[in-house]
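Data block below; observations after.
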Amino acid sequence: MRKPQAAATSLGLIVLGLTLLGCSRPQAPDRDTENDSAAIESALRQWSHDFTARNLPAVCGLFADDAVLAYPGAPDRDRKAFCNQIGALFADPAKHYSYAEPEISGILVDGDLAVVRLVWTLTTSDVSDAVVDTSREDGLDVFRRQPDGTWKIYVSHAFPR
(Lines give C-alpha, C1' and ligand atoms only; values in the text may rest on other atoms or scores of the structure.)
Protein backbone atom coordinates (compact mmCIF):
# COMPACT_ATOMS: atom_id res chain seq x y z
CA MET A 1 0.00 0.00 0.00
CA ARG A 2 1.33 3.43 -0.91
CA LYS A 3 2.02 5.84 1.86
CA PRO A 4 -0.35 8.78 1.28
CA GLN A 5 2.39 11.32 2.00
CA ALA A 6 4.87 9.70 -0.43
CA ALA A 7 2.22 9.42 -3.15
CA ALA A 8 1.17 13.03 -2.61
CA THR A 9 4.80 14.14 -2.72
CA SER A 10 5.38 12.22 -5.97
CA LEU A 11 2.24 13.61 -7.52
CA GLY A 12 3.08 17.13 -6.42
CA LEU A 13 6.59 16.93 -7.87
CA ILE A 14 5.32 15.51 -11.14
CA VAL A 15 2.80 18.35 -11.42
CA LEU A 16 5.67 20.76 -10.70
CA GLY A 17 7.75 19.07 -13.38
CA LEU A 18 4.99 19.30 -15.95
CA THR A 19 4.48 22.94 -15.06
CA LEU A 20 8.19 23.57 -15.55
CA LEU A 21 8.04 21.90 -18.95
CA GLY A 22 5.22 24.21 -19.99
CA CYS A 23 6.70 27.50 -18.86
CA SER A 24 9.95 28.72 -17.47
CA ARG A 25 11.01 31.89 -15.76
CA PRO A 26 14.27 33.54 -16.81
CA GLN A 27 17.37 32.02 -15.26
CA ALA A 28 19.60 33.82 -12.82
CA PRO A 29 22.63 35.15 -14.69
CA ASP A 30 25.07 32.91 -12.78
CA ARG A 31 23.40 29.69 -13.99
CA ASP A 32 24.56 27.97 -17.15
CA THR A 33 21.48 25.98 -18.15
CA GLU A 34 23.15 24.66 -21.30
CA ASN A 35 26.02 23.24 -19.27
CA ASP A 36 23.58 21.86 -16.67
CA SER A 37 21.52 20.16 -19.40
CA ALA A 38 24.65 18.64 -20.91
CA ALA A 39 25.75 17.32 -17.49
CA ILE A 40 22.34 15.72 -16.90
CA GLU A 41 22.26 14.18 -20.37
CA SER A 42 25.77 12.80 -19.93
CA ALA A 43 24.84 11.29 -16.56
CA LEU A 44 21.77 9.58 -18.04
CA ARG A 45 23.74 8.16 -20.97
CA GLN A 46 26.47 6.93 -18.62
CA TRP A 47 23.81 5.34 -16.40
CA SER A 48 22.69 3.05 -19.23
CA HIS A 49 26.28 1.82 -19.64
CA ASP A 50 26.71 1.37 -15.88
CA PHE A 51 23.45 -0.60 -15.70
CA THR A 52 24.49 -2.89 -18.56
CA ALA A 53 27.87 -3.43 -16.86
CA ARG A 54 26.06 -4.30 -13.59
CA ASN A 55 27.85 -1.50 -11.78
CA LEU A 56 25.47 -1.24 -8.83
CA PRO A 57 27.22 1.62 -6.99
CA ALA A 58 27.15 3.77 -10.15
CA VAL A 59 23.54 2.81 -10.95
CA CYS A 60 22.40 3.76 -7.45
CA GLY A 61 24.64 6.83 -7.47
CA LEU A 62 22.45 8.71 -9.94
CA PHE A 63 19.64 8.85 -7.36
CA ALA A 64 19.48 11.25 -4.43
CA ASP A 65 19.39 9.70 -0.96
CA ASP A 66 15.76 10.83 -0.58
CA ALA A 67 14.67 9.84 -4.11
CA VAL A 68 11.18 8.53 -4.84
CA LEU A 69 10.72 6.10 -7.73
CA ALA A 70 7.18 5.61 -8.99
CA TYR A 71 5.74 3.08 -11.41
CA PRO A 72 2.02 2.68 -12.13
CA GLY A 73 0.47 -0.23 -10.25
CA ALA A 74 3.41 -0.62 -7.88
CA PRO A 75 4.17 1.00 -4.55
CA ASP A 76 6.58 3.92 -4.61
CA ARG A 77 10.15 2.94 -3.78
CA ASP A 78 12.90 4.83 -2.08
CA ARG A 79 16.54 4.68 -3.15
CA LYS A 80 17.35 1.77 -0.84
CA ALA A 81 14.46 -0.39 -2.12
CA PHE A 82 15.38 0.44 -5.72
CA CYS A 83 19.04 -0.48 -5.16
CA ASN A 84 18.05 -3.74 -3.46
CA GLN A 85 15.80 -4.62 -6.40
CA ILE A 86 18.50 -3.84 -8.96
CA GLY A 87 21.08 -5.75 -6.93
CA ALA A 88 18.83 -8.83 -7.05
CA LEU A 89 18.47 -8.46 -10.83
CA PHE A 90 22.23 -8.20 -11.27
CA ALA A 91 22.77 -11.29 -9.09
CA ASP A 92 20.52 -13.48 -11.28
CA PRO A 93 22.91 -15.60 -13.40
CA ALA A 94 20.09 -16.76 -15.69
CA LYS A 95 19.37 -13.30 -17.15
CA HIS A 96 21.25 -10.26 -18.35
CA TYR A 97 19.64 -6.85 -18.55
CA SER A 98 20.85 -4.02 -20.74
CA TYR A 99 19.57 -0.51 -21.32
CA ALA A 100 20.12 1.31 -24.57
CA GLU A 101 21.10 4.94 -24.19
CA PRO A 102 17.93 6.88 -23.42
CA GLU A 103 16.01 8.77 -26.07
CA ILE A 104 15.88 12.19 -24.45
CA SER A 105 13.08 14.37 -25.77
CA GLY A 106 13.56 17.32 -23.46
CA ILE A 107 15.55 18.71 -20.56
CA LEU A 108 14.36 21.83 -18.80
CA VAL A 109 16.57 23.35 -16.14
CA ASP A 110 15.09 25.90 -13.76
CA GLY A 111 17.44 26.92 -10.99
CA ASP A 112 18.35 23.90 -8.88
CA LEU A 113 15.64 21.68 -10.41
CA ALA A 114 15.51 20.06 -13.82
CA VAL A 115 12.91 17.92 -15.56
CA VAL A 116 13.78 15.32 -18.18
CA ARG A 117 11.38 13.58 -20.57
CA LEU A 118 12.85 10.41 -22.02
CA VAL A 119 12.25 6.89 -23.28
CA TRP A 120 14.17 3.87 -21.99
CA THR A 121 14.59 0.59 -23.87
CA LEU A 122 15.43 -2.46 -21.74
CA THR A 123 16.54 -5.73 -23.30
CA THR A 124 16.50 -8.95 -21.28
CA SER A 125 18.66 -11.86 -22.50
CA ASP A 126 19.14 -15.39 -21.25
CA VAL A 127 22.44 -17.20 -20.55
CA SER A 128 22.93 -17.93 -24.26
CA ASP A 129 22.50 -14.21 -25.05
CA ALA A 130 19.16 -14.87 -26.76
CA VAL A 131 16.81 -11.93 -26.35
CA VAL A 132 13.91 -12.90 -24.11
CA ASP A 133 12.17 -9.52 -23.94
CA THR A 134 12.49 -5.93 -25.04
CA SER A 135 10.42 -3.25 -23.36
CA ARG A 136 10.12 0.50 -23.76
CA GLU A 137 8.85 2.95 -21.21
CA ASP A 138 8.41 6.68 -21.10
CA GLY A 139 9.96 8.45 -18.16
CA LEU A 140 9.78 11.76 -16.39
CA ASP A 141 12.65 12.46 -14.01
CA VAL A 142 13.02 15.43 -11.70
CA PHE A 143 16.66 16.17 -10.96
CA ARG A 144 17.88 18.31 -8.09
CA ARG A 145 21.26 20.02 -7.93
CA GLN A 146 23.30 18.66 -5.03
CA PRO A 147 25.45 20.80 -2.71
CA ASP A 148 28.55 19.68 -4.65
CA GLY A 149 27.00 20.93 -7.92
CA THR A 150 26.18 17.50 -9.37
CA TRP A 151 22.68 16.54 -10.45
CA LYS A 152 20.80 13.57 -9.00
CA ILE A 153 17.34 12.19 -9.59
CA TYR A 154 14.91 13.23 -6.88
CA VAL A 155 11.72 11.84 -8.46
CA SER A 156 11.62 9.21 -11.19
CA HIS A 157 8.34 8.24 -12.76
CA ALA A 158 8.12 5.55 -15.44
CA PHE A 159 5.14 5.00 -17.72
CA PRO A 160 4.91 1.64 -19.51
CA ARG A 161 4.01 1.77 -23.20
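The values are calculated or read from the model by the stated rules, or taken from the named source; none is laboratory data. Being a predicted model, the structure only gives us computed values, none of them experimental. FYI the Cβ positions are ideal-geometry reconstructions off the backbone, even for glycines, and counts take in every protein chain you see. Ligands, DNA and RNA are stripped out before the accessible areas are found, and what is left, the full protein with its side chains, is counted by its heavy atoms. Shrake-Rupley method; radii C 1.70, N 1.55, O 1.52, S 1.80 Å.
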(message) Going residue by residue through the stretch 76-87, is there one that turns out to be basic (Lys, Arg), open to solvent by 30 Å² or more (accessible area, probe 1.4 Å), at pLDDT below 95 and over 28 Å from residue 35 (Cβ atoms)?
(response) no
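Quick check on residue 159: is it modelled with pLDDT under 95 and assigned to a strand (DSSP E or B)?
Values: modelled with pLDDT under 95: yes; assigned to a strand (DSSP E or B): yes.
In short, yes.
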(message) Of all residues being farther than 28 Å from residue 75 by Cβ and modelled with pLDDT of 95 or more in the stretch 129-144, which is surrounded by the most Cβ atoms within 10 Å (Cβ to Cβ)? Just the residue, please.
(response) 131
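Go over the candidates 134, 150, 124 one by one and state the one that is among the β-branched types (Val, Ile, Thr) and in contact with a Phe, Trp or Tyr (Cβ under 7 Å, 6 or more places away or on another chain).
Details: 134 fails: in contact with a Phe, Trp or Tyr (Cβ under 7 Å, 6 or more places away or on another chain); 150 fails: in contact with a Phe, Trp or Tyr (Cβ under 7 Å, 6 or more places away or on another chain).
Exactly one of 134, 150, 124 is among the β-branched types (Val, Ile, Thr) and in contact with a Phe, Trp or Tyr (Cβ under 7 Å, 6 or more places away or on another chain), namely 124.
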(message) List pairs: first residue in the stretch 100-127 and over 22 Å from residue 49 (Cβ atoms) and open to solvent by 20 Å² or more (accessible area, probe 1.4 Å), second residue part of a strand (DSSP E or B) and hydrophobic (A, V, I, L, M, F, W, C) anywhere in the structure, Cβ distance under 6 angstrom, at least six positions apart or on different chains.
(response) 108/115
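May I ask you to list the residues in the stretch 52-75 that are open to solvent by 70 Å² or more (accessible area, probe 1.4 Å) and either in contact (Cβ under 8 Å) with a residue 60 or more places away in the chain or not in a loop (DSSP other than H, G, I, E, B) (or both)?
Kept after step one, since they are open to solvent by 70 Å² or more (accessible area, probe 1.4 Å), are these residues of the stretch 52-75: 53-54, 57, 65-66, 71, 73, 75.
Correct list: 57, 65, 66, 71, 75.
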(request) Please list, ordered by first then second residue, the pairs with beta carbon atoms under 7 Å, 6 or more apart or interchain, first in the stretch 146-161 and closer than 15 Å to residue 40 by Cα, second surrounded by 20 or more Cβ atoms within 10 Å (Cβ to Cβ) and of a type in the set (Phe, Trp, Tyr). (result) 151/143; 152/63; 152/143; 153/63; 153/143; 154/143
(message) If I filter the stretch 123-135 for residues that are in contact with a strand residue (DSSP E or B) (Cβ under 8 Å, 6 or more places away or on another chain) and among the small types (Gly, Ala, Ser), do I get at least one hit?
(response) yes
(request) Filter the stretch 97-133 for residues that are farther than 28 Å from residue 151 by Cα and of a type outside the set (A, V, I, L, M, F, W, C) and give the result. (result) 124, 125, 126, 128, 129, 133
